[in-house]
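Let me begin by presenting the structure, written as structure tokens, before commenting on it.
The values are calculated or read from the model by the stated rules, or taken from the named source; none is laboratory data. Values in this document were obtained by computation on a predicted structure and should not be read as measured data. Backbone-built Cβ (ideal geometry, glycine too); neighbour counts: all protein chains shown.
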Amino acid sequence: MGYDLSLTTSDGHILNAYSALPDGETKGGMVIIQEIFGVNDDIRETVDNFAREGYHAIAPAMFDRIESGVILGFDETGMNKGRELKGGLDWSDVVQDVNAAISHVKKAGKVGVVGFCMGGSVAWFAASRSPVDVAICYYGGDINANRMNETPKCPVMFHWGEEDGGIPLEGVKEVEAAHPNMPSYVYEGAGHGFSCSRRGSYHPASASKAMQRTLAFAAEHLS
């Protein structure tokens with residue numbers, strides 16, 4: 001189902017990506033944006049799962065401008081390395097990388113973007129700066145600081161963990177107040193990374209509910 005490929009951005013940067021096609025009818029395209037751990041098994045599985053739901057899905061390697069082939073563990077070493085790499089990113093370059101992924105799947109129809117952790121913030125920027133039709137942001141730590149700096153051009157949905165130590169509920173409320181028409185869900189008992197089954201913070205009930213809402217929101221706006 002899945003395959004590796006290279007993408008070329010508008011500024012000539014070449015980055016890796018993982019993509020998957022649905023077996024049957026295609027509902028549209030879906031760009032999956034990684035956490036700080038790279039395009040690892042979890043992200044590849046997420047791409048495959050969206051393909052099973054009928055989307056031509058793709059996950060671009062967001063760290064390739066700094067270091068190619070980054071796959072990090074979920075331990076402290078991996079966390080620190082991922083944060084270091086994230087700190088070296090330029091959001092404008094990141095958007096170009098996302099746009100290259102969009103171009104790869106846009107023949108499938110309308111295109112959505114779903115991002116996790118760092119990717120949740122990237123999805124927020126893409127809603128304003130990229131040609132996407134829906135954006136779904138899971139616990140993006142840079143969203144609040146940029147809640148007033150971006151003007152989304154498509155519907156946006158937010159997912160947050162109630163016990164996320166890196167994203168205080170006060171900040172979540174500020175995002176919700178700034179964008180009251182965007183659906184936003186806070187999951188009781190869930191922390192940061194609650195949707196990733198390979199992380200210690202995985203919260204199955206919250207992950208399941210969030211994905212149900214994600215798929216419904218995507219179907220509503222990509223059909």
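Evaluation of Thr77 against the conditions (1) surrounded by 16 or more Cβ atoms within 10 Å (Cβ to Cβ); (2) assigned to a helix (DSSP H, G or I); (3) of a type outside the set (Phe, Trp, Tyr) shows that the sole unmet condition is (1). Any residue that is surrounded by 13 or more Cβ atoms within 10 Å (Cβ to Cβ), among the charged types (D, E, K, R) and part of a loop (DSSP other than H, G, I, E, B) - is there at least one of those in segment 166-174? Checked against the condition, which is being surrounded by 13 or more Cβ atoms within 10 Å (Cβ to Cβ), among the charged types (D, E, K, R) and part of a loop (DSSP other than H, G, I, E, B), segment 166-174 yields no hits at all.
Residues checked against (1) in contact with a strand residue (DSSP E or B) (Cβ under 8 Å, 6 or more places away or on another chain); (2) touching a residue at least 12 places away in the same chain (Cβ under 8 Å); (3) more than 14 Å from Met182 (Cβ to Cβ):
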site: Arg129; (1), (2), (3): no, yes, yes
site: Tyr139; (1), (2), (3): yes, yes, yes
site: Cys154; (1), (2), (3): yes, yes, no
site: Phe158; (1), (2), (3): yes, yes, no
site: Asp164; (1), (2), (3): no, yes, yes
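The set of residues in segment 17-76 that are among the β-branched types (Val, Ile, Thr) and in contact with a Gly (Cβ under 8 Å, 6 or more places away or on another chain) comprises Thr26, Val31, Ile32, Ile33, Ile36, Val47, Ile58, Ile66, Val70, Ile71. Based on this model, can you work out whether Ala100 counts as in a strand (DSSP E or B), under 21 Å from Trp124 (Cα atoms) and in contact (Cβ under 8 Å) with a residue 40 or more places away in the chain? For Ala100, the condition - in a strand (DSSP E or B), under 21 Å from Trp124 (Cα atoms) and in contact (Cβ under 8 Å) with a residue 40 or more places away in the chain - is not met. Hey, any hits in segment 24-34 for a residue that's crowded, with 21+ Cβ neighbours inside 10 Å, of a type in the set (Val, Ile, Thr), more than 20 Å from Gly141 (Cα to Cα) and at pLDDT 95 or above? No, every residue in segment 24-34 fails to be crowded, with 21+ Cβ neighbours inside 10 Å, of a type in the set (Val, Ile, Thr), more than 20 Å from Gly141 (Cα to Cα) and at pLDDT 95 or above.
Mind listing whichever residues of segment 1-49 are hydrophobic (A, V, I, L, M, F, W, C) and over 13 Å from the mean Cα position of the chain (by Cα)? Scanning segment 1-49 gives Met1, Leu5, Leu7, Ile14, Leu15, Ala17, Ala20, Leu21. What residue, among those in segment 30-75 that are touching a residue at least 40 places away in the same chain (Cβ under 8 Å) and of a type in the set (Phe, Trp, Tyr), is farthest from Thr8 (Cα to Cα)? Looking at the filtered set, the residue picked out is Phe74.
Go through segment 80-90 residue by residue and tally those that are buried (at least 16 other Cβ atoms within 10 Å of the Cβ), in a helix (DSSP H, G or I) and of a type outside the set (D, E, K, R). Looking only at that region, the number is 2. Among the residues making up segment 103-136, those that are part of a strand (DSSP E or B) and closer than 17 Å to Gly38 by Cα are Val113, Val114, Gly115, Phe116.
Applying a threshold of 6 Å to beta carbon distances and a minimum spacing of six or more residues, or different chains, the list of pairs starting in segment 18-29 at a residue that is among the small types (Gly, Ala, Ser) and ending at one that is at pLDDT below 95 and not in a strand (DSSP E or B) reads Ala20/Met1. Checking segment 58-69 against the condition returns no match, with no residue being in contact with a Leu (Cβ under 8 Å, 6 or more places away or on another chain), assigned to a loop (DSSP other than H, G, I, E, B), within 19 Å of Ala135 (Cβ to Cβ) and of a type in the set (Lys, Arg). Would you say Ala205 is surrounded by fewer than 19 Cβ atoms within 10 Å (Cβ to Cβ), without any contact (Cβ under 8 Å) to a residue 60 or more places away in the chain and either of a type in the set (Lys, Arg) or farther than 27 Å from Leu72 by Cβ (or both)? Here the answer is no, as Ala205 does not meet what is asked.
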